[in-house]
Amino acid sequence: MDERETRDAAAVVARTVLSTSHEALCSRLDGLEHASSGVVGLLAAGAQPYLVPSDPQSFFPTGTALRVRVAIPGLGVVLASGTTGRARPAADEPGLLRTLEDHRACIRGPVDPAALQVVPLRLFALSVSSDGAGPTALSPRELTRVQPDWLLARGRTLTAHLEQDHADDLLRLAEAHGVPGATAVTLDRLTTRGARLVCLGADGVTTVAMVFDPPVGNSGELWRRLASAPTLG
């Protein structure tokens, strides 16, 4: 990948981490101690993160520069710097209403958007690390150019399921993509834009990279797209 593609891929990981995680580790950027330092709730509306403190009245004052760490094990770590905005009801932010609805299954207990106070974090710098690679610095504007990847967020759970419960189907998938006689197949990577099969056979290891164009829209079409996707190389 060229530099632009690399940065776009890093931005997708950052958006996915911010949209998937619901907690963030916060501290003052200047290193001074504050009672609110520690883990707080997190919600994202598009590329805009909102912190959800348990007591907004005793949270960092408006305009405080914070360092925030957000992580999804196996996916990536986002380190962001930004300033706190004024606390406001979640109901005042239409994007947050959609987020709350989309994530209702993973938020404990009922949530009243009119009562839930959130604090926008105005980003001015961030970096993302993923797949063991070093951090990539991004601008907040770069986050707005990409969308989170729902398969990237769920990929490791989904690939583990396919490998454990659909091993024979993966062998047939490898054969359909030109690798007959494989004895084991793993899904090394799975996103809405592509997948990578690693096939073990008598001649060694063969890797098959597939491209989804257009991207996979929902889980119901995933297997059909895996079977019909063109391969790279």
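The values are calculated or read from the model by the stated rules, or taken from the named source; none is laboratory data. Predicted, not measured: the structure shown is a model, and the values here were computed from it. Heads up, the Cβs are rebuilt from the backbone with ideal geometry, glycines too, and the neighbour counts pull from every protein chain shown. Heads up: the accessible areas ignore ligands, DNA and RNA and are worked out on the full protein's heavy atoms, side chains in. Shrake-Rupley method; radii C 1.70, N 1.55, O 1.52, S 1.80 Å.
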If you project the alpha carbons of region 152-228 onto the principal axes, what extent comes out on each, in Å, largest first? 35, 23, 16
Assuming a viscosity of 0.692 mPa s and a temperature of 37 °C, what translational diffusion coefficient in µm² per second does Stokes-Einstein assign to region 105-233, Rh being the Kirkwood radius over Cα pairs? 188
Taking all protein chains in place and a 1.4 Å probe, what share, in percent, of the accessible surface of region 75-233 do carbon and sulfur account for? 52
Checked against the positive end of the charge dipole of region 3-147 (+1 on Cβ of Lys and Arg, -1 on Cβ of Asp and Glu, about the Cα centre), the farthest of T99, V17, A137 is A137
For the chain, Kirkwood radius (reciprocal of mean inverse C-alpha pair distance, Å): 19.5
With Cα coordinates, the longest principal axis of the chain makes an angle with the long axis of helix 167-176, in degrees rounded to 10, of 70
Between A71 and R4, what is 0.36 nm times their sequence separation minus the Cα-Cα distance? Round to one decimal in nm. 21.8 nm
Quote the relative contact order of the chain in percent (integer), defining contacts as alpha-carbon pairs under 8 Å separated by 6+ residues. 16
Would you mind checking the tilt of helix 150-165 against the longest principal axis of the Cα atoms of the chain, expressed as 0 to 90 degrees and rounded to 10? 40
Over the chain, with the other protein chains present, what is the accessible area per residue in square angstrom, probe 1.4 angstrom? 54
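How many percent of all Cα-Cα pairs in region 1-69 sit more than 16 Å apart? Mind showing how you got there, number by number?
Numbers: 1267 of 2346 pairs.
Here the long-distance tail beyond 16 Å is 54 percent of all Cα pairs in region 1-69.
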In nm, spacing of pseudo-spin labels at A184 and T231 (7 Å Cα→C-beta vector): 2.0
With bins 10 Å wide starting at 0, give me the P(r) of region 136-197 over every alpha carbon pair, in whole percents. 20, 40, 23, 13, 4
Kindly provide the Kirkwood hydrodynamic radius of region 77-155 in Å, to one decimal, from all pairs of distinct alpha carbon atoms. 14.9
As I understand it, the dipole of region 152-228 uses +1 on the Cβ of Lys and Arg and -1 on the Cβ of Asp and Glu, about the Cα centre. Which of T191, A167, V205 lies farthest toward its positive end? T191
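How much FRET efficiency would the formula 1/(1 + (r/R0)^6) give for A115 and A167, where r is the Cβ-Cβ distance and R0 is 41 Å, rounded to 0.05? Intermediate values should be presented prior to the final figure.
On the way: r = 48 Å, r/R0 = 1.18.
Step by step, r from the Cβ atoms, then E = 0.25.
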